[in-house]
Amino acid sequence: MSNELPVSNFIRHIIDSDLASGKRTSVVTRFPPEPNGYLHIGHVKAININFGIAQDYQGLCNLRMDDTNPEKEEDEYAAAIEADVHWLGFKWSGDVRHASDYFDQLYAYGEELIQSGKAFVCDLTPEEVREHRGDFVKPGKESPYRNRTPAENLDLFRRMKAGEFADGSKTLRLKIDMGSPNLNMRDPVIYRIKREHHIKTGDKWCIYPMYDYTHCISDALEGITHSLCSLEFEDHRPLYDWVLDNITIPCHPQQIEFSRLETLYVVTSKRKLKQLVDENLVTGWDDPRMPTVTGMRRRGYSPEGLRLFVQRAGVSKTPNVVDFSALEGAVREELEESSPRVIAVLDPIKVTLTNFEAGVTTSRTAPFHPHHAEWGEREVPIAPVIYVEREDFAEVPPAGWQRLTPGGEVRLRYSYVIKCDEVIKDAAGNVIELKCSLDPATLGQNPVGRKVKGVIHWISAEHAIQADVRLYDRLFTEARPDAVRGEDGQYVDFKQFINPESLKTVTAYVEASVKDAPPETRYQFERLGYFVTDRKEHVPGQKPVFNRTVTLKDTWAAKEAK
RNA sequence: AGGGGAGUCGCCAAGUUGGUUAAGGCAUCGGAUUUUGAUUCCGACAUGCGAAGGUUCGAAUCCUUCUUCCCCUGCCA
C-alpha cells in the first residue's frame, strides 16, 4: 500500500554514499517547474522523487518556479502548480521560490564572468548564431565578437540591461569551446534581450537569463545538494558544472538525471494538451479525462493513489513506458481501502416485487465498508418497486452467468433472494419490467435446500435520489496516440484517436445517504466502481453530480471478452 | 569530429567492488473464502540477464567485438 518501503534506486545510492563519505551532511532538493502549463502525471514522478527523497532523509525540498522566459509564463499556471503540489500532499520548504528572485544575483554573476574574460557580448543574429554553431559532425566557428575586451563587454552588457538595444540584437555568451562535441558547450547564450512583461518582476528587466545559466546558480543559491532532473538534461550537466566552477559561489550541487515516466493511452506534451483544451475536445485543463493533476483530481484519483503509482513505477535511467492500467490499478487499490460503499443503479430496469407485504417485508442495514465497522451502517430500505441494473438481467444467459434470468434466482445485496417470474416487454421487444417474487425466508440467511450464488445490487424506487453520473473512459483508443504513422510514413494527428466513448452521461438512482456529501467525496458504488462528487458542479443537497473514477476489477467481463 | 545515455520475465525494477537456487511490484493463470464475479488468502510465473566470443573453480556483474533503442544543432525549459 501507500506505506510500502522505498525501494532501492540509484539516486538513493548516490545520496547514501555522499552522506557516508561526508561529502554532504544533509539533503536539499527542489522541484523546479516552469509556470507555462499544468502539471501532469509525468510531473507527479518528479515531485514524488524530489519531495519524497527530502522527506526520507529528513531534508528539505523547495518549490521553485523556473520563470526565466516571460513570453510563456502566466500567473494562472503558477497558482495551479502550487495548488497541485499541495494537493498531492507535499510541503515545500519556506515560501515558493522563483528563479526571478535571483535576477539581481544572476546579473552580477554575468558581470563577474565578463570581468574574468569568460563571457562576451555577441552581435550575431539568431540565424548567424545557428550557422556558427556547426552541427553534430562539424565543429562550430567562433563569433567575430568573441574577443571584445572585458571593458567593452561590460559597457555593452550594462547598456543591454539599460534597454539601449533592440530585442534580439545582442546576447551575452559564455566563452567555452566552439569545437566541443557537446553542442551545449559551444559558447552558449546566457542572456537575451526581450521586452516582455514578467509575472513577478513586471517591466523591471528587458534582459532575461537562459535556463542553463539560471538553473545551476539558482540551485547553488538555495543550497541544493542534489539537483534531480530528467534524462534530456544529461548533455547539459557539463555546462551546469562549468558555470558553477567559473563564478564565485560556495555551493556546487550535483545534478543527477533519471528517466521520465511515460504512460500508454495518454499524451503529456504541453502543446498537445493545450490543443485538446483550445479545440474544445475536452472541457478544460481539469477535464476528468486529462492526465493533468487537476484533471485526475477531478476524476477522483486520490493523492495516495497517484503517489502509489509513481512509487511503483520506480526510478531508473531506463526509458520506460507504463501501461495506463497500472495507474488505474494503483488508484483502485487505494480507493478500495478508503472509500465508503453505497448503492447506485446506473441503467435501471424496473422490478416489481409481487409478493411484497407491507409490515412484513423488511429492510436491513448495511456497513459503509466491509472492513471498517467503525464507519457505521445505514438503512437499505426496500419497497414494492425497485430498480436493478439492466446489465444484471439476461433473457438468454451465457454459460457461467450468475445474475438474474427468467425463472432464475438471485440475491438482492443486503436483502432477499428473488426469483424472476415474468418479463414484460414493450412493442419493440425491449425489456421494460420484471415481475419477481421474493423468498421471505432469505433475509440475512441462506435459502435452505438450494444455493443461490449470484448477488446483484438494487435500489428502492421511492427512496432513491437521482444524480447525474459521468462515465469516463480513457481519452484515446490508441496506446500511443502521438506515435502512429500513416501510409505516407508521417505521424497521424493524435486527435484522430480520441475515444468517442470517453464520456457518457447518465441519470442514475443513488441511495439517499449521499445526498449531502460535499464536493470531492469518494464512494464505491457497489459492484460498479469508484465515483466522486464533482469538484465543480456537484451541489450538496440539491444537485448530485458524480464522476466515475475507475471501475472495479471485473474478472467476469474479462472472461466474457475472450 | 560527433557527443551523451540505456538494453534483466508481458510492463516496471533490484542486483555496485564476480561467489550459493536472478529480489520485489504490476499484469496473467490456477485454487480457497466471499450476500460486491470486488476485497482477502494461497499457489504458478526468467537453466535466463540485447548478441557472440573470451578470462575464471565460478560471470547479469570483468574483457573484446557486434547490435538495438532514446536524447542533443531554441536568443525554450
Handout entry: Structure-based [θ]222 nm, chain A - -39500 (n - 2.57) summed over DSSP H runs of at least 4, per residue, nearest 500
Key = -8000 deg cm²/dmol
Problem - Viscosity 0.692 mPa s, 37 °C: Kirkwood-radius Stokes-Einstein D of region A:1-142 over Cα pairs, µm²/s - result: 177
Handout entry: Sites A:GLU262 and A:TRP87, calculated FRET efficiency, Cβ-Cβ separation with R0 22 Å, nearest 0.05
Key = 0.45
Exercise for the section: First measure r as the distance between the Cβ atoms of A:LEU19 and A:ASP95, then evaluate 1/(1 + (r/R0)^6) with R0 = 35 Å and state the FRET efficiency to the nearest 0.05. Expected result: 0.80
Problem - Sorted by Cβ density within 10 Å, fewest first, the residues A:ASP439, A:ASP84, A:ASP219 - result: A:ASP439, A:ASP84, A:ASP219
Problem - Extended-chain gain in nm, criterion 0.36 nm per residue less alpha-carbon gap, A:LYS72 and A:THR362 - result: 98.0 nm
Exercise for the section: Could you rank the peptides A:405-416, A:447-458 by their average count of other C-beta atoms within 10 Å per residue, with the highest value first? Expected result: A:405-416, A:447-458
Practice task
At q = 0.05, 0.10 Å⁻¹, what is the base-10 log of I(q)/I(0) for chain A according to the Debye formula with one equal point scatterer per Cα and no solvent? Please give it to two decimals.
Solution key: -0.32, -0.92
Completion exercise
Under 5 Å from the placed amide H of A:LEU228, counting only residues 5+ away or on other chains, we find A:ARG30, A:ILE256
Completion exercise
Distance in nm between A:GLU128 and A:LYS272 label points, each 7 Å along Cα→Cβ, equals 3.9
Practice task
Compute the normalised compactness of region A:101-236: alpha-carbon radius of gyration over 2.2 N^0.38 Å, N being the residue count.
Solution key: 1.06
Fill in the blank from the handout: In whole Hz, the Karplus estimates of ³J(HN,Hα) for region A:328-339 (6.51, -1.76, 1.60; θ = phi - 60°; x where Gly or Pro) are 4, x, 5, 5, 4, 4, 6, 5, 3, 7, 9, 9
Problem - Eligible aspartates and glutamates near A:LYS91 by straight Cα distance, threshold 13 Å, same-chain separation 8 or greater - result: A:GLU82
Exercise for the section: State, to one decimal in nm, how far the label point of A:GLU196 lies from the label point of A:SER230, with both points 7 Å from Cα in the Cβ direction. Expected result: 2.0
Completion exercise
A correct fewest-to-most ranking of A:VAL417, A:VAL277, A:VAL7 by other Cβ atoms within 10 Å would be A:VAL7, A:VAL277, A:VAL417
Exercise for the section: Pull up the cross-link candidates among the lysines for A:LYS274, meaning alpha carbon to alpha carbon under 20 Å and not fewer than 8 places away within one chain. Expected result: A:LYS72, A:LYS495
Handout entry: In sequence order, calculated HN-Hα J values of region A:525-531 (Karplus, 6.51, -1.76, 1.60; Hz; x Gly/Pro)
Key = 8, 3, 6, 10, x, 9, 9
Problem - Lys, Arg +1 and Asp, Glu -1 on Cβ, resulting dipole of chain A about Cα centre, debye, nearest 20 - result: 680
Fill in the blank from the handout: Rounded to the nearest 0.05, FRET efficiency between A:GLU337 and A:ASP56 (Cβ-Cβ, R0 30 Å) equals 0.85
Exercise for the section: Report Rg/Rh for region A:343-463, rounded to two decimals, where Rg is the Cα radius of gyration and Rh the Kirkwood radius. Expected result: 0.97
Handout entry: region A:343-463, relative contact order [Cα under 8 Å, separation at least 6], %
Key = 32
Exercise for the section: For each pair in A:LYS272/A:LYS515; A:LYS272/A:LYS504; A:LYS23/A:LYS200; A:LYS270/A:LYS515; A:LYS350/A:LYS553; A:LYS272/A:LYS543, compute the distance between the two Cα atoms and list the pairs where it is over 28 Å. Expected result: A:LYS272/A:LYS515; A:LYS23/A:LYS200; A:LYS270/A:LYS515; A:LYS272/A:LYS543
Fill in the blank from the handout: Note: probe point = Cα of A:GLN402 + 7 Å toward Cβ; backbone nitrogen < 14 Å; residues of region A:422-458 passing the test are A:451-457
Fill in the blank from the handout: Extension length gain for A:ALA383 and A:ASP135 (0.36 nm per residue less Cα distance), in nm, is 81.5 nm
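Here, each number is a calculation from the coordinates, and none is a lab measurement. Predicted, not measured: the structure shown is a model, and the values here were computed from it. For neighbour counting, all protein chains shown are included, and Cβ atoms are generated from backbone atoms with ideal geometry for every residue, glycine included.
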